[in-house]
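The values are calculated or read from the model by the stated rules, or taken from the named source; none is laboratory data. All values derive from a computational prediction rather than experimental measurement. Using ideal geometry, Cβ is built from the backbone for each residue, glycine included, and neighbour counts are taken over all protein chains shown. The accessibility values were calculated without ligands, DNA or RNA, using every heavy atom of the protein model including side chains. Shrake-Rupley method; radii C 1.70, N 1.55, O 1.52, S 1.80 Å.
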Amino acid sequence: MLKPELNRRLTQVGPGTPGGDLLRRYWWPIAPSVDVGPEPLERRLLGEDLVLFRTREGDVGLLERQCPHRSTSLGLGYVDQPRTPEAAGSPSGLRCGYHGWLFGTDGRCLEQPGESADSTFKDRIRAQSYRVQELGGLVFAYLGPEPAPLLPRYDLFVWDDVWRDIGHAELPCNFLQIMENSVDPHHVEWLHGRYDAFLRELSGAPASEVLTKKHLKVAFDVFEHGILKRRVLEGQTEDDEDWKVGHPLVFPSMLRIGGGGLNFFQIRVPIDDENTWHVWYQTYQPGGSVPPQETVPAYEVPLYDSRGKLLRDYVDGQDITAWVTQGRITPREREHLGSSDVGVIALRRLFAEQIDRVAAGEDPLCTYRDETTNQVITLPQEKEKFGGGDAFRREFLLHGQTRYSPILHDVLALFGDHDLVGRRAVEPV
Amino acid sequence: MDVRSGGNTDVRWCPTCGSDLSGPAGFVTEYWKAKDRWFLTWCSRCRTTTQVCLPHRITATEPEH
């Protein structure tokens, strides 16, 4: 049980809130690079409304959504070249569709077509702009105070010789209850094991052997990247990688998981207090060199079936259903935690601690300011997941949200899983 | 018994430095182990994590004698 005021402190993400002040110290994915072009995308991040666009020169800009002129959304806009003689040859920018004011990626107002040619009014106008960087097929944004920390170069974003794809979905719930799922190992055995077995039994399919194993022991270590999660499953010992290596919750908002050459991040991006943009960032690494990808493809993960019911016939749909049905912000004053929830408590304590650090003027956990330690940040993660990496990969590729990936069957072929190629992705493995 | 806490026995003070944990920055989470009621606290003043147990029964183990 948690006091309501503490629940608010841990779940609020907007400007001027303790939690929002903490979360603004990090870079956040805001869109797949492949989706960003000359037509602006309207995005909402940490309770702030923004527009994202790519200039004709290839630069990415992120501005406040409301035009400084008369507050029309700059989403009603387009990338355009400057048209005045004095600005000829200057880079393109985002032109408001309402009256044609033109803004550079730095927020400077470059043109005001309705004003006289000798007016200096535009020089006194500036749209709020934010830092953006691209890495590994994602655009990241920073909304916090200066000096901005470095964008962490986590290994999956920078590895060579891998394929990547990016699934994403907007979930109608707060980010923290999603993060709590990542320090709750027991749910795997029940939600993805036994509940899933129940559904498969209804459809006449055999239960997964990978996800039904009983947990004998779990542990959570706070470490430099967040919380390292360990487990011993039935039939395993502490010499197995699930315990000896484990895998991390990367503070504040990522889960790293994988096995058998399929390694991925789940990134929980707070849209506002009641909505989260969930990103599944996959890397496929069969070993040796792989043909290069021209772009990192992105795809939307559907939430509902044709009857409007949350999809729950696959691993990530089961998670989504659990998170969303907890409520927009789960009422933690009504919960009853047991000893199997110590990971959840450890995460809340870590958030409370980091909020206090920021309030005291310190950098929070996972802040990088030294280029030499930010070349490649290698995260620990077991390879022989659940006692068998290849079995994990085969299970997750068809029974995880990757079933919606446009390159799924190419990925199966890449790993030599030829028996699965051409199989319907929604068919139980 | 409803395991939801009543409020009178909530842990309010940091067991390490005695700071008031009842404000918004005071971190107190309740959980249960069998019949024992536990609280994990984090104090922003002394930066200490503590676990407090309100036991159903105090048990002791006699050493070999």
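Observations
- Environment charge at A:Leu102 (Cβ cut-off 14 Å; Lys +1, Arg +1, Asp -1, Glu -1): 0
- Peptide packing: for A:182-191, A:373-382, A:115-124, the average count of neighbouring Cβ atoms within 10 Å per residue gives the ranking A:182-191, A:373-382, A:115-124, highest mean first.
- Chain-alone versus full-assembly comparison, region A:1-43, residues with accessible loss of at least 30 Å² (1.4 Å probe): A:Met1, A:Lys3, A:Glu5, A:Leu6, A:Arg9
- Between B:Trp32 and A:Asp390, the modelled label-to-label distance comes to 4.6 nm, taking each label 7 Å out from Cα in the direction of the beta carbon.
- Theoretical ellipticity at 222 nm over the protein assembly as shown - DSSP helices of four or more residues, -39500 (n - 2.57) apiece, nearest 500: -4500 deg cm²/dmol
- Cα lying deepest toward the dipole's positive end in the protein assembly as shown, options A:Asn275, A:Leu150, A:Gly167, charges on Cβ: A:Asn275
- Local net charge near A:Arg83, Cβ-Cβ under 11 Å (Lys/Arg +1, Asp/Glu -1): -2
- Spin-label proximity, A:Asp106 to region A:37-62 - amide N less than 16 Å from point 7 Å beyond Cα toward beta carbon: A:59-62
- Share of pairwise Cα separations in region A:49-125, more than 21 Å, in percent: 17
- Cα gyration tensor category, rounded, prolate or oblate, for region A:291-429 with a/c compared to 1.5: oblate
- If you wrap the Cα atoms of region A:151-414 in a convex hull and average its projected area over all directions, you get 15.6 nm².
- Shielding by partners, peptide B:29-42 (average Cβ within 10 angstrom, other chains): 5
- Inter-label distance, nm, simple model (7 Å from Cα along the C-beta direction), A:Tyr368/A:Thr295: 2.6
- Overall shape of region A:111-172 was characterised from the C-alpha gyration tensor. The equivalent ellipsoid obtained from it has semi-axes of 38, 16, 13 Å, in decreasing order.
- Build a GNM of chain A with springs between Cα atoms under 10 Å apart, and of A:Glu48, A:Glu274, A:Glu371 the one that fluctuates most is A:Glu371.
- A:Glu382 sits among other residues whose Cβ lies under 11 Å from its own Cβ, and their net charge, with Lys and Arg +1 and Asp and Glu -1, is +3.
- Isolated cysteines in chain B, defined as those with no second cysteine Cβ under 4.7 Å, comprise B:Cys53.
- Choice from A:Gly104, A:Gly167, A:Gly204 showing the highest fluctuation, given a GNM over chain A with Cα pairs closer than 10 Å: A:Gly204
- Point-charge dipole on Cβ atoms (K/R +1, D/E -1) for region A:31-135, about Cα centre, debye to 20: 160
- Counting only other chain Cβ atoms within 10 Å of each residue's Cβ, the peptide A:345-355 averages 4.
- Among A:Leu408, A:Leu216, A:Leu398: highest mean-square fluctuation, GNM of chain A, C-alpha pairs under 10 Å: A:Leu216
- Loss of accessible area when A meets B, both sides summed, Å² nearest 100, probe 1.4 Å: 1900
- Relative intensity, log₁₀ I(q)/I(0), of chain B from a Debye sum that treats every alpha carbon as a point, q = 0.17, 0.21 Å⁻¹: -0.64, -0.86
- Simple Cβ-charge dipole of chain A, Lys/Arg +1 and Asp/Glu -1, about Cα centre, in debye nearest 20: 840
- Per residue value of the accessible surface for region A:31-135 (all protein chains in place, 1.4 Å probe), Å²: 50
- On full extension, the segment bounded by A:Ser71 and A:Asp118 gains 14.5 nm, given 0.36 nm per residue less the C-alpha separation.
- All C-alpha pair distances within the protein assembly as shown, sorted into 20 Å bins from zero, spread as 21, 51, 24, 4, 0, 0 percent across the bins.
- Two-decimal log10 I(q)/I(0) for region A:320-382, as the Debye equation yields it once each C-alpha is a single scatterer, q = 0.22, 0.26 Å⁻¹: -1.06, -1.11
- Portion, in percent, of the accessible area of the protein assembly as shown that falls on carbon or sulfur, probe 1.4 Å: 49
- Averaged over B:22-28, number of beta-carbon atoms from partner chains that fall within 10 Å: 6
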